[in-house]
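Structure first, then comments.
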Amino acid sequence: MQKGRVEAILEALRVAYPGARSRLKYSNAFELLVAAILSAQTTDDQVNKVTAELFRRYPTAAALAAADPEEVAACIKSLGLYRMKAAHLVAACRILVSEYGGRVPDNLQDLLRLPGVGRKVANVVLSNAFGRDVIAVDTHVFRVANRLGLARAGDVLETEKQLMAILPPGTRGEAHHLLIHHGRAVCRARRPECRQCVVSSYCSDADHNGRGKTSQ
């Protein structure tokens, strides 16, 4: 894809979603890590409803590492997969305490060692907590990037690699938020609102009659 086309897509999305950023509520790297782990197969708004109380009870990795997973599960039971997520949180925090002094590591390899942390969660933390120029690929980013031709990939890992190669340095974290906002608001998996899309001219999937298509 030509550099000018990539920049035009980003600029159109910037205008449509000024100040796009994460909807997760957090105040430090530890809270972001916890919230990101909880966000798997759950909306950010649902996560925010439980993290205020969760962080009040367990404000540090040490506090959460010492917790009973069943008590943590009870605190987040409104979320999907809450028992598994509670177990992951406690196990991850025990590693943080025993191996990293209670601090969240700032590199991909160490983050991926933590239970409940895959590439998406790790890159969310690296980008938003540590300012690293990486892009986290969730279902929205995967869908929108491939519809727009920013990537031509069949899985999230290959999509991440292609986006890292094509996006201008310094824009990858921003692009993550722009693509997510667009995926939620307009470019939905089922019946995307193509007539409301500010980048439909770049999209091979666009239905300009406005009926929307179902794909990816």
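The values are calculated or read from the model by the stated rules, or taken from the named source; none is laboratory data. Since we're looking at a predicted model, the values are computed, not measured. Backbone-built Cβ (ideal geometry, glycine too); neighbour counts: all protein chains shown.
Please specify each residue of segment 52-71 satisfying the condition of being within 14 Å of LEU96 (Cα to Cα), assigned to a helix (DSSP H, G or I) and within 23 Å of the chain's Cα centre (by Cα).
Listed by number, the residues that qualify are ALA61, LEU64.
Select from segment 134-176 the residues that are in contact (Cβ under 8 Å) with a residue 60 or more places away in the chain, surrounded by 15 or more Cβ atoms within 10 Å (Cβ to Cβ) and part of a loop (DSSP other than H, G, I, E, B) and list them in ascending order.
GLY149, LEU150, LEU167, THR171
So which pairs qualify, if the first residue must be in segment 1-27 and within 17 Å of VAL198 (Cα to Cα), the second must be aromatic (Phe, Trp, Tyr) and surrounded by 18 or more Cβ atoms within 10 Å (Cβ to Cβ), the Cβ gap must be under 8 Å, and the two must be at least 6 apart or on different chains?
Between residues of segment 1-27 that are within 17 Å of VAL198 (Cα to Cα) and residues that are aromatic (Phe, Trp, Tyr) and surrounded by 18 or more Cβ atoms within 10 Å (Cβ to Cβ), the close pairs are ARG5/TYR202; ALA8/TYR202; ILE9/TYR202.
With the condition kept exactly as written, say whether any residue in segment 44-51 is in contact (Cβ under 8 Å) with a residue 60 or more places away in the chain, hydrophobic (A, V, I, L, M, F, W, C) and not in a loop (DSSP other than H, G, I, E, B). Quick ask: steps written out before the conclusion?
In the first step, residues of segment 44-51 are kept if they are in contact (Cβ under 8 Å) with a residue 60 or more places away in the chain; the result is none.
So far as segment 44-51 goes, no, none of its residues is in contact (Cβ under 8 Å) with a residue 60 or more places away in the chain, hydrophobic (A, V, I, L, M, F, W, C) and not in a loop (DSSP other than H, G, I, E, B).
Check ALA92, ALA20 and return the single one that is at pLDDT 95 or above and more than 18 Å from the chain's Cα centre (by Cα). Break it down stepwise before answering.
Numbers: ALA20 fails: more than 18 Å from the chain's Cα centre (by Cα).
Answer to the selection: ALA92.
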